[in-house]
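Asks: Here you go, one structure.
Coordinate-derived values only; no laboratory data. A quick note: this is a predicted structure, and the numbers were derived from the prediction, not measured. Note that we place each Cβ from the backbone using ideal geometry, even for glycine, and neighbour counts take in every protein chain shown.
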Amino acid sequence: GAVVSQHPSWVICKSGTSVKIECRSLDFQATTMFWYRQFPKQSLMLMATSNEGSKATYEQGVEKDKFLINHASLTLSTLTVTSAHPEDSSFYICSARDPGSVGYTFGSGTRLTVV
Amino acid sequence: DAKTTQPPSMDCAEGRAANLPCNHSTISGNEYVYWYRQIHSQGPQYIIHGLKNNETNEMASLIITEDRKSSTLILPHATLRDTAVYYCIVRVARSNDYKLSFGAGTTVTVRA
């Protein structure tokens, strides 16, 4: 079945630094990928829709200059958390839809801790 | 966009069937019902989806009422590994994007 690989699975960074999270579709091409954020004991919140070759579409309330999304190829989308602060600590998850499969496939998530 | 309502939590016994209800009374005719689950600290996993007919796969069965205002996910023989948060989602379409919006879900605990 379709596989989405997310890297790293966890990262600890200092406040003020930037962190890049990668999301790869391993056996299919994805023109669209989605980025979610999940705080402890809460549901997933959609942050943005990543579109290959064009600008990402951000959900209301999500700062596009803070959460930079790049979708330069049909198999890779990256999310960069810029100038990270402790309140950005969260579980970040990407997903993509394989046109040949049912449903959406999710990555295993990235646990970001900003200290 | 159709919203869904699920009970916040549910316990079930190992080996028994688990029936998870979902209300989606505002669903429109071309919207599908999807079920996903999320085991602790992992990404969500697709379970099943349907439009109006009942569906079954190797993981579960999905029963959709005739008026499509509610559905039930059935895990036929729950195991401890089925302990997870289960999300009932109505697929939203916006131009060419098909984003999934997650509600609070049902926390299912399977007990030995």
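Asks: Whose amide H sits under 5 Å from the amide H of B:S101, counting only residues 5 or more places off or on another chain, with H placed in the peptide plane?
Replies: Result for B:S101 returns B:V92.
Asks: Can you pull out the trypsin sites (Lys or Arg not before Pro) in the stretch A:1-107 that DSSP calls coil and that have at most 15 other Cβ atoms within 10 Å?
Replies: Taking the stretch A:1-107 and a limit of 15 other Cβ atoms within 10 Å, the loop trypsin sites (Lys or Arg not before Pro) found are A:K14, A:K41, A:K55, A:K64, A:K66.
Asks: Oh, and also: Of the cross-linked pairs A:K41/B:K69; B:K52/B:K99; A:K20/A:K55; A:K14/A:K64, which ones have a Cα-Cα span greater than 25 Å in the structure shown?
Replies: A:K41/B:K69
Asks: Take the Cα radius of gyration of the protein assembly as shown and divide it by 2.2 N^0.38 Å, with N its residue count; two decimals is plenty.
Replies: Working: Rg = 17.8 Å, N = 227, 2.2 N^0.38 = 17.3 Å.
Against the compact-globule rule of thumb, the ratio is 1.03.
Asks: At what distance in angstrom do the alpha carbon centres of the stretch A:13-52 and the stretch B:26-45 lie from each other?
Replies: 18
Asks: Okay, moving on. Excluding B:C12 itself, calculate the net charge of residues whose Cβ lies under 12 Å from the Cβ of B:C12, where each Lys or Arg counts +1 and each Asp or Glu counts -1.
Replies: Within the 12 Å Cβ shell, the charges total -1.
Asks: Counting other C-beta atoms within 10 Å, which of B:H24, A:H85 has the fewest, and how do the rest follow? Working shown, then result.
Replies: Working: B:H24 22, A:H85 11.
Arranged by neighbour count, lowest to highest, B:H24, A:H85 become A:H85, B:H24.
Asks: Looking at the protein assembly as shown only, what percent of DSSP beta bridges run antiparallel? Nearest 5 please.
Replies: About 85 percent, rounded to the nearest 5.
Asks: Ranking A:V3, A:V114 by Cβ neighbours within 10 Å, fewest first, what do you get? Present the calculation step by step, with values, prior to reporting the outcome.
Replies: Numbers: A:V3 13, A:V114 20.
Arranged by neighbour count, lowest to highest, A:V3, A:V114 become A:V3, A:V114.
Asks: Okay, moving on. Sequence gap at least 6, Cα distance under 8 Å: using those rules, report the relative contact order of the stretch B:1-92 to the nearest whole percent.
Replies: Over the stretch B:1-92, the number comes to 38 percent.
Asks: Could you grab the relative contact order for the stretch A:1-50? Cα pairs under 8 Å, six or more apart, rounded to a whole percent.
Replies: The normalised contact order for the stretch A:1-50 reaches 31 percent.
Asks: Using Cβ-Cβ distances only, list the Cys residues of chain B with no partner cysteine under 4.7 Å, sorted by number.
Replies: B:C12
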